[in-house]
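Working notes for the structure below.
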Amino acid sequence: MKTISSVVEHFIKKKPFLQTALAQGIINLTSLSRQVKPEIEAQLGKEVRNGAIVMALKRLSDDLEFRATHRIVKVLKNIGEITVRSSLTDYTFLLSDTLLENQRKLLEEIARKKDVFYTSSRGVNELNIVVSNSLNGAVEKHFKGERLTQKAENLASITVKLPAENVSVPGIYYFIFQRLAWEGIVLYEVISTTNEFTILVDDEQVDTAFAVIKDLKSL
């Protein structure tokens, strides 16, 4: 049986930004109740008083605030070192029978070079390579026969060390990426391991992105 509380919760959970704003207590619940009332009534098939919707929103916002404060924020306060690198290039190639062999040749060449950045990730149909701008020539030499689908230059990476408990708390990445989205940060790539992740952004946005992530430690 549908209740006002269950329908309101389902409605809010479909709207991530609204959900976060509720958790932070920055929305006027009376105004919000008037806006969502038609949809809540349509779901329930009957008229609903604004006051009942406000009460459901209040209970939901209290619950969301508790979860954010006592679980996610606790993990984010223990974020480790944050490493920034600039002058990077992002390549995306379609997978082929020769791609891995060419990647091996590239790795052999750059293994002797110090102070350069290299990372790659493989999907179902594509291989992504991120390198220091100084390695562009090497990448293009070894992959000249491959199909390049994207190349973006003058990027920067931010690598974040997460505490080990991040794998047992849902919503960590959502919480971080939502705040980056609020600031209009465009993510070119997201690369992660168990306890750290790296985002790739435009050089012009790296300072803002760094500030957003650093500020998470002081929530």
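Quick notes
- Any hit, the range 156-168, residues being under 30 Å from Q19 (Cα atoms), modelled with pLDDT under 95 and small (G, A, S): yes
- Of the residues making up the range 194-214, those that are out of contact with any helix residue (DSSP H, G or I) (no Cβ under 8 Å at 6 or more places or on another chain) and part of a helix (DSSP H, G or I) are D203, E204, Q205, V206, D207, T208, F210, A211, K214.
- Test: residue in the range 82-96 that is part of a helix (DSSP H, G or I) and either in contact with a helix residue (DSSP H, G or I) (Cβ under 9 Å, 6 or more places away or on another chain) or modelled with pLDDT of 90 or more (or both): no
- K46 being at negative phi, modelled with pLDDT of 75 or more and assigned to a helix (DSSP H, G or I): no
- Only one entry in K141, K114 is more than 27 Å from D207 (Cα to Cα), more than 27 Å from the chain's Cα centre (by Cα) and surrounded by fewer than 18 Cβ atoms within 10 Å (Cβ to Cβ), namely K141.
- Of the residues R104, R49, the single one that is loosely packed, with under 15 Cβ neighbours inside 10 Å, in the same structural domain as N154 (by TED's automatic domain parsing), over 29 Å from the mean Cα position of the chain (by Cα) and more than 30 Å from V169 (Cα to Cα) is R104.
- Every residue from the range 133-169 that is free of Cβ contacts under 8 Å to residues at least 12 places away in the same chain and assigned to a loop (DSSP other than H, G, I, E, B): K144
The values are calculated or read from the model by the stated rules, or taken from the named source; none is laboratory data. If you're wondering where the values come from, they're calculated on a predicted model, not measured in any experiment. A quick note on method: Cβ atoms are made from the backbone with ideal geometry, for glycine too, and the neighbour counts reach across all protein chains shown.
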